[in-house]
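Read through the structure below, which is laid out as structure tokens, and then see the notes.
The values are calculated or read from the model by the stated rules, or taken from the named source; none is laboratory data. Everything numeric here is computed off the predicted structure, so don't read it as measured data. Neighbour counts are summed over all protein chains in view; Cβ atoms, including those assigned to glycine, are modelled from backbone coordinates with ideal geometry. For accessibility, only protein heavy atoms count, side chains too; no ligands or nucleic acids. Shrake-Rupley method; radii C 1.70, N 1.55, O 1.52, S 1.80 Å.
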Amino acid sequence: SLSSAEPPCKSAQPPPCGAMAVDDEKKVNICFDDESRIRVLSPEKFKHTEELAEQCTAFVNKIEDFSGTVHVLVEVLDAQAKKIELEKLKAIGQRNMVESETENRARRQLALQSQINEKMAELDRYAKQYQSLARVEAEQLALIEKLSNNET
């Protein structure tokens, strides 16, 4: 065991590790590091632990950077998805307008064709009425001439 009266070892090499029995089943290795601090782990294990801690810190930093990048990417993709959805809705609206325009044109064409048919029927009636009136006029002129010839 160590007493408080003993000065720490100041040699270039730390003193060797010694096994100290805490109880019968467990043994604890107590060592001194380069700065003469008491360590429970051997210098190799302690150095490995420090390296592992540094690697873990670097890994955590990389993961945080990656998480930030992913977050930015997700925001950009969400914004693009909203733009795409808006453009889809615009395209659907324009397609509906085109479809309704073709239906409107077909309806207008049918209405105009019906109006043309009505006007043609009216023209035909007027033509027949004109022919009938022309015949009546001719008959009346013939009658007037016949009556004028009889008086003279």
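Which one of PHE59, PHE66, PHE46 is touching a Lys or Arg at 6+ places or on another chain (Cβ under 6 Å) and modelled with pLDDT of 75 or more?
PHE46
Check SER148, SER100, SER132 and return the single one that is exposed (fewer than 10 other Cβ atoms within 10 Å of the Cβ), without any contact (Cβ under 8 Å) to a residue 40 or more places away in the chain and part of a helix (DSSP H, G or I).
Selected residue: SER148, the only one of SER148, SER100, SER132 that is exposed (fewer than 10 other Cβ atoms within 10 Å of the Cβ), without any contact (Cβ under 8 Å) to a residue 40 or more places away in the chain and part of a helix (DSSP H, G or I).
Could you list, in sequence order, all residues of region 113-124 that are under 55 Å from the mean Cα position of the chain (by Cα) and open to solvent by 100 Å² or more (accessible area, probe 1.4 Å)?
Across region 113-124, the qualifying residue is only GLU118.
Can CYS31 be described as assigned to a helix (DSSP H, G or I) and open to solvent by less than 80 Å² (accessible area, probe 1.4 Å)?
no
Looking only at residues that are of a type in the set (A, V, I, L, M, F, W, C) and under 30 Å from VAL28 (Cβ atoms) in region 38-58, which one is nearest to the chain's Cα centre (by Cα)?
Per the stated criteria, the residue is CYS56.
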